[in-house]
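What follows is a short report on a single structure.
The values are calculated or read from the model by the stated rules, or taken from the named source; none is laboratory data. Just so you know, these numbers come straight off a predicted model, no measurement behind them. Virtual Cβ from ideal backbone geometry, glycine too; neighbours counted across all protein chains shown. When the accessible area is computed, the model is the full protein with side chains, heavy atoms only, and any ligands, DNA or RNA have been set aside. Shrake-Rupley method; radii C 1.70, N 1.55, O 1.52, S 1.80 Å.
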Amino acid sequence: MLMVMVHSAIDARAVLSEAASRDGVDDAFFRLGYRLLNVIDVASGRPAQLVFAREADDYVHVVDDGQLGLTYLAIRGAGAEQARAALERSLPCESAEAARRDLVEGALEARARALAVLVLLEPDAADMTELIEAALRDEHVRMRAIGLTAAAYAPCTPLQGVVVAIRDNDREPRLREMAARVVASAFAGVAS
Amino acid sequence: MTEAPGLTKLPHRPRLADAALLRRHRIDGVDRWMLHDTSRQEALELTHAQVEQCLACDGTRDVGGVLVASARRGSYRRASDTIGFLTELAERGLLADGAEPPNPRFEAPGSRRVEAADRPLEILPDYRLLCSGRGSCCSTYGSIPFSPAERRRADAAVPEVAETLGRHRFLPLHGAEPGELRAVATVDGACAFLADGRCRVHARAGKAAKPRACRAFPAQLVDDGEAVRVSVAVECACVLASLQTPDGSPLVPDDTSLAGLLPPGTHVLALPEELGVAPGRHASRAEVRNFTSRVLEGLPTTADGIGFAWGLADHVERHGLDLSMPKSLLPSPEELAPWLRGLHDELREKRRNVEWRSPRDRSRLRTDWLFEVATSLLEPGVVSATLASVETLDAQDEAFTIRTSLWGYRLLDPDLVTSLRDRAVRFLLARRSRAIAPDPGEPAQDHPIAAVEAMMRGQGLDAYVQRR
């Protein structure tokens, strides 16, 4: 099952770069005065998470997202933007600008990761639907797979037909199954 | 990335095992947190954060829960630090999996409360204990257990201990179990409630306010299936000094004739149905009871304990629990050599393991003293000379030690033959110790057997037997 984050519950996000380590995360949160509040193991439909808190309404989930293949910070609370800025200064993080560059110029894995980063950092960008659709139509299985995951994070009507087409016609059985799950879950409430 | 490495080596719900004794020792005003690994006879020094992590390992949480619990205690820094520490404990065999029901243990493993209230008490004959009140036993042991009520009473009587030591002045008696009994912190090697050689709980609230273990010490009760034998452990000089005086108190109240009349909460060790007589040979406890009774009938009040113990071991090895009276037999220096080498090696290692203790700590002073004594026993001719001469006081102490040990079934671990020979070696060590001066404050200098016995059981020196 795909995990779908509810955007409204998250006030800010940051995506950790591959250079970030678990020790680095612990160190950064310690320096910034956060306390470990919970450790959530990976389970069906739920990625592994660490939950740190500083004030009663100042939470950060460190989400180890196996579907997107990256770790991101989901920040909640009134001071979420300031918290994000502080965490980005303390931890190696991805930027949307670099991701956009990689999406155009990068090798296959870099492109896949770039799309995952963008769907987290700029889910409401004007060209997001276009970027996801391009991935869904990509010749590489890896890009189509990340496109399906991205579509589940940012489902919208224009993408539904492409996802349905993958479900029905893609030559990769794994992608057909994946697309079927996306249609059944993420697009269940999207008008067609 | 949220999962720290090393998790797979850990129990699902880690629990600090019973072999781990978490203890707080305040030395010269500074806290040292030690984890005593009783299976290896080693002491590991911990940070305060690691103590909190150990306490979080109570078997009710998975590793993530341990991290969160540590964070709540203000002791979380890095997951890799905590998991690395827990992995080291697991590799030492000091982490079990899952919670155990609370166990208000006071007894040794395998013991139980006496169930037969009508079991007669057999009290060590012709013996009364006169406690000097100098607190030497209070500075001998690192695990003095307090029940919740005893902790409240002690805190009320001596509030300055709580004021000085604050949180964690009591820690779990074994592992991280949430049982009732907790061990009090030590201050320079002595019970935190001891000051100027006096128990402050006793001084301010009376003897009845002291923990049950302190009130009962050094009496020991053993249910052998026919009776409950009451004896005394020779781990305090008062036990032997009491032989010189008619004063003193009975080991249990005079009007107590049945187990059911013992004070509430009195614990009685249960003798197993089958007991080791010699390596690979066993006997029923009824046979052992008959044998000890017969030997005790023929045991004089003064004896060369080395010859008696070695001769009895030889007799049992050859004839089993034959009821004919054995002859005294002194061991040769060659027969003693492997025992003495093992003892010397054990003491040498122990010396390294007590370096962290206060220079005034009784266990450290005794370790240094007995190491010197054991070293001297390896010199040519010393064993023969020590075997050849026995002072009257030693002969009396040795005979009494055998008497009370037989009465209390304390010569059966790992088996009767081995334990008797071990006693002969202990007597040799004690006799020789008169030639080497201990620390001037040593309370057992007149009765060194008491120091040797306390070190053997209380500080795990008896592990030397495995080194032969």
Residue match in the stretch A:95-102 (condition: touching a helix residue (DSSP H, G or I) at 6+ places or on another chain (Cβ under 8 Å) and within 11 Å of another protein chain (Cβ to nearest Cβ)): no
Residues that are open to solvent by less than 20 Å² (accessible area, probe 1.4 Å) and in a helix (DSSP H, G or I), drawn from the stretch B:432-461: B:433, B:448, B:449, B:450, B:451, B:452, B:453, B:454, B:455, B:456, B:461
Residues within the stretch B:258-313 that are modelled with pLDDT of 95 or more, assigned to a helix (DSSP H, G or I) and acidic (Asp, Glu), tallied: 1
Those residues of the stretch A:125-144 which are open to solvent by 40 Å² or more (accessible area, probe 1.4 Å), of a type in the set (Lys, Arg) and either assigned to a helix (DSSP H, G or I) or touching a Gly at 6+ places or on another chain (Cβ under 6 Å) (or both), in sequence order: A:142
From the options A:56, A:86, A:48, A:110, residue that is more than 13 Å from the chain's Cα centre (by Cα), among the hydrophobic types (A, V, I, L, M, F, W, C), surrounded by fewer than 23 Cβ atoms within 10 Å (Cβ to Cβ) and within 14 Å of chain B (Cβ to nearest Cβ): A:48
Single residue of the stretch A:59-68 satisfying the filter (away from chain B (no Cβ under 11 Å) and either touching a Ser or Thr at 6+ places or on another chain (Cβ under 7 Å) or surrounded by fewer than 18 Cβ atoms within 10 Å (Cβ to Cβ) (or both)) that is nearest to residue A:113 (Cα to Cα): A:68
Those residues of the stretch B:342-376 which are farther than 19 Å from residue B:46 by Cβ and not in a helix (DSSP H, G or I), in sequence order: B:359, B:360
Pairs with Cβ under 9 Å, 6+ apart, first in the stretch B:145-162 and touching a residue at least 40 places away in the same chain (Cβ under 8 Å), second open to solvent by 20 Å² or more (accessible area, probe 1.4 Å) and among the polar types (S, T, N, Q): none
First in the stretch B:317-336 and closer than 17 Å to residue B:423 by Cβ and in contact (Cβ under 8 Å) with a residue 24 or more places away in the chain, second anywhere and aromatic (Phe, Trp, Tyr) and surrounded by 16 or more Cβ atoms within 10 Å (Cβ to Cβ), Cβ under 6 Å, 6 or more apart: B:328/B:308; B:331/B:310
Flag for residue B:373 being of a type outside the set (Lys, Arg), in contact with a Lys or Arg (Cβ under 9 Å, 6 or more places away or on another chain) and at pLDDT 95 or above: yes
Residue that is nearest to the chain's Cα centre (by Cα) [pool: residues in the stretch B:350-391 that are open to solvent by 70 Å² or more (accessible area, probe 1.4 Å) and of a type in the set (Asp, Glu)]: B:355
Residue within the stretch A:166-186 that is open to solvent by 40 Å² or more (accessible area, probe 1.4 Å) and under 26 Å from residue A:11 (Cβ atoms) present: yes
Extreme residue, nearest to the other protein chains (Cβ to nearest Cβ), among residues of the stretch B:44-69 that are open to solvent by 50 Å² or more (accessible area, probe 1.4 Å) and closer than 24 Å to residue A:51 by Cβ: B:61
The lone exception for residue B:88 - which of (1) more than 14 Å from every other protein chain (Cβ to nearest Cβ); (2) part of a helix (DSSP H, G or I); (3) open to solvent by less than 30 Å² (accessible area, probe 1.4 Å) it fails: (3)
Hits in the stretch B:392-414 - residues which are open to solvent by less than 10 Å² (accessible area, probe 1.4 Å) and within 14 Å of residue B:313 (Cβ to Cβ): B:402, B:405, B:406, B:411
